1. Please work out if THR67 is among the β-branched types (Val, Ile, Thr), within 30 Å of GLY258 (Cβ to Cβ) and either surrounded by fewer than 20 Cβ atoms within 10 Å (Cβ to Cβ) or touching a strand residue (DSSP E or B) at 6+ places or on another chain (Cβ under 7 Å) (or both).
2. Which residue is farthest from the chain's Cα centre (by Cα), if the candidates are limited to the stretch 156-180 and must be of a type outside the set (Val, Ile, Thr), over 15 Å from ALA58 (Cβ atoms) and surrounded by 22 or more Cβ atoms within 10 Å (Cβ to Cβ)?
3. Looking only at the stretch 181-203, count every residue that is buried (at least 18 other Cβ atoms within 10 Å of the Cβ), at pLDDT below 95 and not aliphatic (A, V, I, L, M) and tell me the total.
4. Just for the stretch 302-345: of the residues that are loosely packed, with under 13 Cβ neighbours inside 10 Å and assigned to a loop (DSSP other than H, G, I, E, B), which one is nearest to the chain's Cα centre (by Cα)?
5. Tell me whether the stretch 302-309 contains one or more residues that are within 27 Å of PHE76 (Cα to Cα), of a type in the set (S, T, N, Q) and touching a strand residue (DSSP E or B) at 6+ places or on another chain (Cβ under 9 Å).
6. Among the residues of the stretch 291-300, which ones are touching a Gly at 6+ places or on another chain (Cβ under 8 Å) and either not in a loop (DSSP other than H, G, I, E, B) or not basic (Lys, Arg) (or both)?
7. Identify, by number, the condition in (1) more than 18 Å from the chain's Cα centre (by Cα); (2) without any contact (Cβ under 8 Å) to a residue 60 or more places away in the chain; (3) at negative phi that VAL77 doesn't meet.
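The values are calculated or read from the model by the stated rules, or taken from the named source; none is laboratory data. Please read all numbers here as calculations on a predicted model, not as lab measurements. Neighbour counts run over all protein chains shown; Cβ positions are idealised from the backbone, glycine included.
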Amino acid sequence: MNIAAQRLQSLRIDGPKCNTPEEVVRWMGAVQAQDYGQAVWAVAVRMKRPNLAAVEKAIADRKIVLTWPMRGTIHFVPAEDAKWMVETLSYKKASKLSWHQKLLEIDEAMLAKVREVVTAELKGGNRRSRPELMALFESNDLPTGQQRGYLYLSYLAETGVICQGPLDGKQQTFVLLDEWTEPVKLERDEAIAVLTRRYFTSHGPATIQDFANWTGLGITEAKKGLEAVKDALSVERHDDKDYWLSKEVAAHLHPPKGLHLLPGFDEFILGYKDRTAVLEPEHMRYIVPGNNGVFRPMIVLDGRIVGTWARAVKKTSVDVGFAVFPEYTVDASRLEIAAKTYADFLGLPLKIV
């Protein structure tokens with residue numbers, strides 16, 4: 001069983017690619033997106049013709065949206081699915097006061113006021129940037145210091161009130177989710193079944209623990225979702241664990257090939273609880289220096305993470321540098337070819353540094 005090779009195909013990094021950004025996001029179920037510049041590349045790297053303008057047009061056209069559907073983390077999701085994903089994975093947790101909110105003396109009355117003033121401000125198709133919303137909170141006697149403003153926005157996103165809209169210059173904007181999208185309504189069991197099928201089809205081979213970790217669901221509900229869709233999947237036994245994946249990948253596996261420059265926070269590593277199939281444990285310190293939760297962009301060679309890369313986007317070029325792990329050797333010309341694909345995605349000349 002070649003887990004790395006199978007995941008490359010399932011994740012649309014190797015093999016067949018998608019035509020549009022919305023096709024990518026729908027296939028993946030959700031694409032992690034803490035860093036906007038890396039998140040748009042995470043979508044584009046799975047397209048036949050990676051193009052930044054195409055991804056940003058899909059955002060502006062309301063085909064994909066940025067919101068917080070699971071684990072308190074921002075993701076790209078299909079616009080029509082954003083509401084039910086938030087309701088299924090985040091709403092119950094977000095509706096209860098967290099320890100952090102209590103510590104900062106945020107109570108239910110304050111959150112109700114936050115909801116009221118933001119809904120009134122954004123109603124009618126209005127967009128506001130983060131600084132504008134912070135000023136709105138302060139003007140309504142809702143203090144924003146000590147991360148209170150961030151917690152207000154998290155609460156609004158995780159309860160399905162707001163999502164992110166398109167960029168205004170370099171500022172991300174926020175809009176009302178129900179106005180920005182035309183949501184599909186799914187009951188909880190059906191929603192979990194849909195998520196389960198999408199996850200194992202796009203991320204397999206993966207275990208039930210990987211799926212529970214990805215969604216933030218409890219293991220009981222995760223198993224219930226798998227039970228509902230397992231007949232549409234294949235299962236393979238490896239190291240005394242069941243790995244579920246699409247029947248197509250199971251039947252038509254190609255050897256892993258090529259070199260890929262993946263963004264930080266990519267699903268190739270963050271989509272799984274156990275990452276040892278693609279990364280040596282001793283190399284994790286290079287991917288997340290200081291264990292600070294910030295994942296660096298990755299060099300992937302034949303299914304293994306073999307180094308990191310960095311980019312600096314400038315007005316007249318994009319500067320790209322590489323740091324290959326000591327145990328590996330990667331041909332410089334292959335790295336430059338992969339970097340050129342990234343530069344073309346941005347529409348900028350490439351400079352290797």
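1. Working: among the β-branched types (Val, Ile, Thr): yes; within 30 Å of GLY258 (Cβ to Cβ): no; either surrounded by fewer than 20 Cβ atoms within 10 Å (Cβ to Cβ) or touching a strand residue (DSSP E or B) at 6+ places or on another chain (Cβ under 7 Å) (or both): yes.
Spelling it out, it is not the case that THR67 is among the β-branched types (Val, Ile, Thr), within 30 Å of GLY258 (Cβ to Cβ) and either surrounded by fewer than 20 Cβ atoms within 10 Å (Cβ to Cβ) or touching a strand residue (DSSP E or B) at 6+ places or on another chain (Cβ under 7 Å) (or both).
2. Of the stretch 156-180, the ones of a type outside the set (Val, Ile, Thr) are 156-158, 160, 163-172, 174, 176-180.
Okay, now just the ones that are also over 15 Å from ALA58 (Cβ atoms), so 156-158, 160, 168-172, 174, 176-179.
After this cut, where a residue has to be surrounded by 22 or more Cβ atoms within 10 Å (Cβ to Cβ) as well, the list is 156-158, 160, 174, 176-177.
Working: LEU156: 19, ALA157: 15, GLU158: 15, GLY160: 18, PHE174: 18, LEU176: 21, LEU177: 18 Å.
Filtering the stretch 156-180 for residues that are of a type outside the set (Val, Ile, Thr), over 15 Å from ALA58 (Cβ atoms) and surrounded by 22 or more Cβ atoms within 10 Å (Cβ to Cβ), the one farthest from the chain's Cα centre (by Cα) comes out as LEU176.
3. Start the filter on the stretch 181-203 by keeping residues that are buried (at least 18 other Cβ atoms within 10 Å of the Cβ), which leaves 181, 183, 186, 191-203.
Still in the running and at pLDDT below 95: 181, 183, 186.
With not aliphatic (A, V, I, L, M) added as a condition, the list becomes 181, 183.
So the answer is 2.
4. Only one residue fits best here, namely LYS314.
5. Within the stretch 302-309, one or more residues are within 27 Å of PHE76 (Cα to Cα), of a type in the set (S, T, N, Q) and touching a strand residue (DSSP E or B) at 6+ places or on another chain (Cβ under 9 Å).
6. The answer is VAL294, PHE295, PRO297, MET298, ILE299.
7. (1)
Conditions tested, residue by residue: (1) closer than 25 Å to VAL235 by Cβ; (2) under 13 Å from the mean Cα position of the chain (by Cα); (3) modelled with pLDDT of 95 or more; (4) surrounded by fewer than 22 Cβ atoms within 10 Å (Cβ to Cβ).
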residue	(1), (2), (3), (4)
ILE3	yes, no, no, yes
GLU23	no, no, yes, yes
ASP35	no, yes, no, yes
TRP41	no, yes, yes, no
MET47	no, no, yes, yes
ALA54	no, no, yes, yes
LYS63	no, no, yes, yes
